[in-house]
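Shown next, in structure tokens, is the structure this report addresses.
The values are calculated or read from the model by the stated rules, or taken from the named source; none is laboratory data. The model shown is predicted, which means the values in this text are computed figures rather than measured ones. Because the Cβ atoms are built from the backbone with ideal geometry, glycine has one as well, and the counts that use them run over all protein chains shown.
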Amino acid sequence: MYCRFPGGKLDQCDLSLEWPKYLSSSINIDRFSKRKADIYKDVDHPYPGLVFRLCAIRETFEETGLLLAKSRTSSNSDRHSSMLNLSNELINKWRDRIRHDASQFIVMCKEIDIEPAVHSLFEWSQYLAAAIAKVRFDTIFYIVTLPNTYPCSIAHDDHETVSADWLEPDIAVRKYRENSISFLPPQIYELARLGNFRKLSDLIEFLSKCDNDSKHHIQRILGICYKLPEAMVLLMPGDEHYPLDASFTTPVLSTNQTLKDFDSKIQNRLVMMNKGDNRKWEVHCKDTDNTEKDQLYIKPLLDGWE
């Protein structure tokens with residue numbers, strides 16, 4: 001069973017200029033005009049950072065029932081998502097409506113007098129799907145932190161999702177290695193990056209520092225696939241073999257080199273063997289030095305989970 005992080009495609013309603021007018025003054029909307037991620041440059045909107053956050057919150061609500069929102073009368077500007085006490089009946093009613101018509105999201109917010117907690121989403125990473133993918137999406141990942149008392153019973157929607165669960169990164173990686181669940185390369189790579197943070201407070205501190213530094217930005221990550229006789233290798237930026245002219249049109253490449261011969265001193269890649277009972281993507285990262293010092297980046301942690 002393939003697992004993924006909640007989210008989905010941008011809808012025209014996410015670009016509605018009604019949203020900036022609706023959000024309360026407790027949200028500093030001007031911060032969303034900054035184009036700190038490459039994907040923001042592709043959207044014709046005065047607040048691209050708002051557009052993708054609205055999409056992420058709406059899709060997460062549709063798929064899981066988790067509503068990242070706050071009361072419009074609340075002055076809380078904490079980066080933790082605020083708590084709402086809504087009945088399951090109300091949540092299920094609006095999930096169904098929004099699933100059939102995404103424009104109902106703002107209708108729900110107005111009727112209940114709430115607003116999406118767009119201020120609580122931290123930018124984390126961005127991926128352009130590699131040539132090996134059947135469908136090539138351009139995706140931005142956000143991180144949101146919730147208090148332990150957040151009142152939410154998540155549930156799959158029986159449409160886009162068949163199950164939903166909370167998993168700590170180390171538990172997710174363990175289940176992946178035990179073949180209990182499956183991930184696509186971006187998910188397992190990002191879980192490896194999250195392994196650098198032992199405590200949630202450390203992660204929040206890192207994200208806040210990057211968020212407040214105008215020099216930091218998120219570059220689009222494009223994995224380049226290499227077919228070897230014994231394995232498939234997905235090269236990430238920074239790997240010694242990563243093509244300097246890599247682009248969206250770069251096809252799946254091939255070489256007759258063995259995996260050992262394809263080794264390098266600087267590695268940032270995922271590898272899947274062609275044969276074996278437990279074929280899985282494994283992250284290989286060593287001596288990776290990010291040359292883009294202003295980019296929000298932290299290399300994957302391969303071992304040492306507590």
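Only strands (runs of 3 or more DSSP E) wholly contained in the range 36-147 count here; list those with 1 or more residues that are of a type in the set (Val, Ile, Thr). Quick ask: steps written out before the conclusion?
Working: elements: 69-71, 114-116, 122-128, 138-143.
Counting at least 1 such residues, we get 114-116, 138-143.
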Since Ser208 meets every condition but one in (1) in a loop (DSSP other than H, G, I, E, B); (2) among the small types (Gly, Ala, Ser); (3) at pLDDT below 90, which condition does it not meet?
-> (1)
In the range 274-306, what residues are in a strand (DSSP E or B) and modelled with pLDDT under 70?
-> Gln295
Of the residues that sit in the range 179-196 and are crowded, with 17+ Cβ neighbours inside 10 Å and either assigned by TED's automatic domain parsing to the domain that holds Glu123 or small (Gly, Ala, Ser) (or both), which one is modelled with the highest pLDDT?
-> Ala192
State yes or no: is Pro147 touching a Ser or Thr at 6+ places or on another chain (Cβ under 9 Å), farther than 23 Å from Asp42 by Cα, modelled with pLDDT under 95 and surrounded by fewer than 18 Cβ atoms within 10 Å (Cβ to Cβ)?
-> yes
If only one of Ile218, Ile266 is of a type in the set (Val, Ile, Thr), buried (at least 18 other Cβ atoms within 10 Å of the Cβ) and out of contact with any Gly (no Cβ under 6 Å at 6 or more places or on another chain), which one is it?
-> Ile218
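May I ask you to list the residues in the range 56-70 that are over 23 Å from Asn212 (Cα atoms) and of a type outside the set (A, V, I, L, M)? If you could, list the steps in order and put the result at the bottom.
Narrowing the range 56-70 to residues over 23 Å from Asn212 (Cα atoms): 58-67.
Within the range 56-70, Arg58, Glu59, Thr60, Phe61, Glu62, Glu63, Thr64, Gly65 qualify.
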List every residue pair whose Cβ atoms lie under 8 Å apart, where the two residues are 6 or more positions apart in sequence or sit on different chains, the first residue falls within the range 196-207 and is under 13 Å from Asp170 (Cα atoms), and the second residue, located anywhere, is of a type in the set (A, V, I, L, M, F, W, C).
-> Asn196/Ile298; Asn196/Leu301; Phe197/Leu203; Phe197/Phe206
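Table: residues versus (1) of a type in the set (D, E, K, R); (2) within 30 Å of Lys175 (Cβ to Cβ); (3) not assigned by TED's automatic domain parsing to the domain that holds Glu111.
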position: Phe5; (1), (2), (3): no, yes, yes
position: Leu23; (1), (2), (3): no, no, no
position: Val51; (1), (2), (3): no, no, no
position: Glu62; (1), (2), (3): yes, yes, no
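What residue, of Asp44, Asp14, is surrounded by fewer than 21 Cβ atoms within 10 Å (Cβ to Cβ) and of a type in the set (Asp, Glu)?
Values: Asp14 fails: surrounded by fewer than 21 Cβ atoms within 10 Å (Cβ to Cβ).
Only one candidate qualifies: Asp44.
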